[in-house]
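The block underneath contains the structure these notes are about, expressed in structure tokens.
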Amino acid sequence: MESNEYIQFFDGGIEPALENLGGKGASLVTMTSAGMPVPPGFVVTTAQFDAFMEEAGITRHIHQLLADLDPEDMGQVDKVSSAIREDICSRPVPQAMRELTVGAYESLMSRFEAPVPVAVRSSATAEDLPDASFAGQQDTYLWLDGVKAVTEHIRQCWASLFTSRAIIYRLKNNIPNEGLSMAVVVQKMVNARVSGVAITMDPTNGDRSKITIDSSYGVGEMVVSGQVTPDNIKLDKVTLTVITEHLGDKHAELVPDAVAGRLVEREVDAERRGRRSLTDAELTAVAQMAKRAEKHYKCPQDIEWALDADLPDGENLLLLQSRPETVHSSKPAVPTAASTGGYFSGLSPSTVATAPAATRKV
């Protein structure tokens, strides 16, 4: 199956466009084209969401519900959010669109010897912009099996454009609802042995001569949602030598249960908790991947990565997402005497980070 107006494969050869694929989807297509190790998948484009909304005939009603909404009135925001999401999830997807999505899913599955679980991830058009981050405001669903589960969760991702948190964020930042759209990423699920995030700077002060990595065992959901304290390692961006490292408690991990067909949480034993979750070689590989993403996008990046338990060493590091760092990067970067190797310390040392990576949602 080839890419079309409603479906775009990561490796389909079509130039990514934010307005069609959303921030996450466009990034995954871009990184695939750049030869980065991205798990295969496709994007249900914003054109399909827009066509679904037009067919459902509910767009005007949604705008009416959101008009004059007070972001401080949590009760009313929750009520409106619930009504909109229920409305979207109760509407049928036109048969022609559904058939295209089913065809794309079957085409993706045909790449493997047996069906594999997938992740279904929201990709809003307004997320991860240089001056605003919507990360974590829309939904992601992990370890889904079968086309029925995938199509149902695509619609839930569409509805998550109107979570209470997303509505309040847009209201407080004067972002209009008109013109917003939602793409959805469907991607092979990684069987993560270790996973985490990496930022191509020091998030505590914006120093761009550093790389900061958070890592823990299992699927990264527990890291980005703050459910576990990960290992935190800071490296020099040029030499990749470790400057500081703090071992996190890493008390639990999310791992697949083949029998139950879902992710389960299990306790990490004392021996694994007491050592760093990444070897020296793996740590270097993650840092090098983060540098490649920064070099490609020409600005500091905030990446999500995983080491796949099913792939051999040297081929098992996968890139799950790369987005611009938004907290410090929106401020002017000032070279300092400490600048080395073409990189420069970004901001005043007094600048304090406000969004540690470990609090984000996939």
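The values are calculated or read from the model by the stated rules, or taken from the named source; none is laboratory data. This structure is a prediction, so every number in the text was calculated from the model and none was measured. Don't worry about glycine lacking a Cβ; one is built from the backbone with ideal geometry, like all the others, and counts go over all protein chains shown. For accessibility, only protein heavy atoms count, side chains too; no ligands or nucleic acids. Shrake-Rupley method; radii C 1.70, N 1.55, O 1.52, S 1.80 Å.
Taking only segment 9-67 into account, find how many residues are of a type in the set (Val, Ile, Thr) and closer than 30 Å to Ser90 by Cβ.
Total meeting the criteria: 7.
Going by what's in this entry, would Asn177 be described as open to solvent by 20 Å² or more (accessible area, probe 1.4 Å) and part of a strand (DSSP E or B)? Considered against the rule, which asks whether it is open to solvent by 20 Å² or more (accessible area, probe 1.4 Å) and part of a strand (DSSP E or B), Asn177 comes out as no.
Of all residues in segment 216-231, at least one satisfies being open to solvent by less than 30 Å² (accessible area, probe 1.4 Å), modelled with pLDDT of 95 or more and among the polar types (S, T, N, Q). Within segment 139-174, the only residue that satisfies the criterion of being closer than 20 Å to Thr46 by Cα, assigned to a loop (DSSP other than H, G, I, E, B) and at pLDDT below 90 is Asp139.
For residues that are touching a residue at least 40 places away in the same chain (Cβ under 8 Å) and among the small types (Gly, Ala, Ser), scanning just segment 80-114, find the one that is surrounded by the most Cβ atoms within 10 Å (Cβ to Cβ). Filtering first and then ranking leaves Ala104. Among the residues of segment 1-60, those identified as open to solvent by 20 Å² or more (accessible area, probe 1.4 Å), among the polar types (S, T, N, Q) and either in contact (Cβ under 8 Å) with a residue 60 or more places away in the chain or farther than 30 Å from Lys298 by Cα (or both) are Asn4, Asn20, Thr30, Thr59. So for segment 254-270 (the condition being out of contact with any Cys (no Cβ under 8 Å at 6 or more places or on another chain), open to solvent by less than 70 Å² (accessible area, probe 1.4 Å), more than 25 Å from Leu144 (Cβ to Cβ) and not hydrophobic (A, V, I, L, M, F, W, C)), does at least one residue qualify? Among the residues of segment 254-270, not one is out of contact with any Cys (no Cβ under 8 Å at 6 or more places or on another chain), open to solvent by less than 70 Å² (accessible area, probe 1.4 Å), more than 25 Å from Leu144 (Cβ to Cβ) and not hydrophobic (A, V, I, L, M, F, W, C), which makes the answer no. For first residues located in segment 283-312 and within 19 Å of Asp214 (Cα to Cα) and free of Cβ contacts under 8 Å to residues at least 60 places away in the same chain, partners that are open to solvent by 10 Å² or more (accessible area, probe 1.4 Å) and not in a strand (DSSP E or B) and lie 6+ apart or on another chain with Cβ distances below 6 Å form the pairs Thr284/Leu240. Among the residues of segment 18-62, those that are in a loop (DSSP other than H, G, I, E, B), modelled with pLDDT under 95 and under 17 Å from the mean Cα position of the chain (by Cα) comprise Met36, Pro37, Val38, Pro39, Pro40.
Kindly check whether there is at least one residue in segment 301-311 that is polar (S, T, N, Q), surrounded by 15 or more Cβ atoms within 10 Å (Cβ to Cβ) and more than 18 Å from Ser216 (Cα to Cα).
Yes, segment 301-311 has at least one match.
Give, as residue ranges, the helices (runs of 4 or more DSSP H) completely inside segment 202-318 that count at least 1 residues that are of a type outside the set (D, E, K, R) and in contact with a strand residue (DSSP E or B) (Cβ under 9 Å, 6 or more places away or on another chain). By residue number, 221-224, 280-297. Pairs linking a residue in segment 254-272 that is more than 19 Å from Pro230 (Cα to Cα) to a residue that is among the polar types (S, T, N, Q), with Cβ atoms under 9 Å and 6 or more positions apart or on different chains, are Pro256/Asn191.
Each residue in segment 113-134 was checked for being within 15 Å of Val190 (Cβ to Cβ) and modelled with pLDDT of 90 or more, and 5 of them qualify.
Screening Lys237, Lys250 for residues that are surrounded by 15 or more Cβ atoms within 10 Å (Cβ to Cβ) and closer than 18 Å to Arg193 by Cβ leaves exactly one candidate, Lys250.
Any residue at all in segment 274-284 that's closer than 24 Å to Met36 by Cβ, of a type outside the set (S, T, N, Q) and open to solvent by 70 Å² or more (accessible area, probe 1.4 Å)? Checked against the condition, which is being closer than 24 Å to Met36 by Cβ, of a type outside the set (S, T, N, Q) and open to solvent by 70 Å² or more (accessible area, probe 1.4 Å), segment 274-284 yields at least one hit.
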